[in-house]
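Let me begin by presenting the structure, written as structure tokens, before commenting on it.
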Amino acid sequence: WSLVNRGDLCFAQKQGAEQAYVLRKVAHPKLKWPRVSGERASLDLARDYLRGCGPASLHDLAHFFGARISEANKWEAALREQGALLDVEVATESGRACFALAEDETDLRAEIPGGSKDWPVRLLPLWDGLLMSHADKSLSVPLEAERKLVWKKAAMVSPVVLERGRVVATWTHKLRARCVDITVAPLSG
């Protein structure tokens, strides 16, 4: 475990029921593998999270990494000290303060290309990262009663239909001989 954690070993094909490992430098001899401190790696990962999932709150950051709020607080403070964060007003159910990367300010202020009515509808699969990246689910599913249709027991996250950044339905599929049947169950909103 510690060798994998350090990056010296990586997963290989299973040998029977046993997980096998291989030296990273053997499996990927040309892969550059810089050694960085845990603090630097944490900040890089927090920055990457905000690049893909921001704006977000401190709780969202901790939630995504399975970290304590105190750890996420250190990351936020370090990024603020570097001038990397921008406070963003987001109307969330929790009312928590949100922030994004300062480098994304222009994109956050930009008009929606083609207007908001031209956003394509998307089918997201089970456990899509977009649905799992924030602790506050009110932005993607505004009605609390409907959230249990998306985030079910035993960490089951339903496949959903996304329209203009909001979940509007769940969907299931059934394979047949030469086609796939998709059933869509709309939410009330």
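The values are calculated or read from the model by the stated rules, or taken from the named source; none is laboratory data. It should be emphasised that the depicted structure is a prediction, and the values quoted were computed from it without experimental measurement. Every residue, glycine as well, gets a Cβ built from its backbone with ideal geometry; the counts of neighbours run over all protein chains shown. Remember, those area values only see protein heavy atoms, side chains included, never the ligands or the DNA or RNA. Shrake-Rupley method; radii C 1.70, N 1.55, O 1.52, S 1.80 Å.
Go through segment 62-74 and count every residue that is in a helix (DSSP H, G or I) and either more than 12 Å from the chain's Cα centre (by Cα) or under 10 Å from HIS134 (Cβ atoms) (or both). Count: 8.
Surrounded by 15 or more Cβ atoms within 10 Å (Cβ to Cβ) and at pLDDT below 95: is that true of LEU143 in this structure?
Numbers: surrounded by 15 or more Cβ atoms within 10 Å (Cβ to Cβ): no; at pLDDT below 95: yes.
It is false that LEU143 is surrounded by 15 or more Cβ atoms within 10 Å (Cβ to Cβ) and at pLDDT below 95.
Scanning segment 49-61 finds one or more residues that are aromatic (Phe, Trp, Tyr), open to solvent by less than 40 Å² (accessible area, probe 1.4 Å) and part of a helix (DSSP H, G or I). Selection within segment 108-118: residues that are modelled with pLDDT of 85 or more and over 19 Å from the mean Cα position of the chain (by Cα). The member of this set that is least open to solvent (accessible area, probe 1.4 Å) is ALA110. When GLY54 is tested against the conditions (1) at pLDDT 90 or above; (2) at negative phi, the lone failure is (1).
Annotation: GLU93 fulfils all but one of (1) part of a loop (DSSP other than H, G, I, E, B); (2) open to solvent by less than 60 Å² (accessible area, probe 1.4 Å); the unmet one is (2). The sole residue among VAL150, VAL167, VAL121, VAL160 that is open to solvent by 80 Å² or more (accessible area, probe 1.4 Å) and closer than 29 Å to HIS59 by Cα is VAL121.
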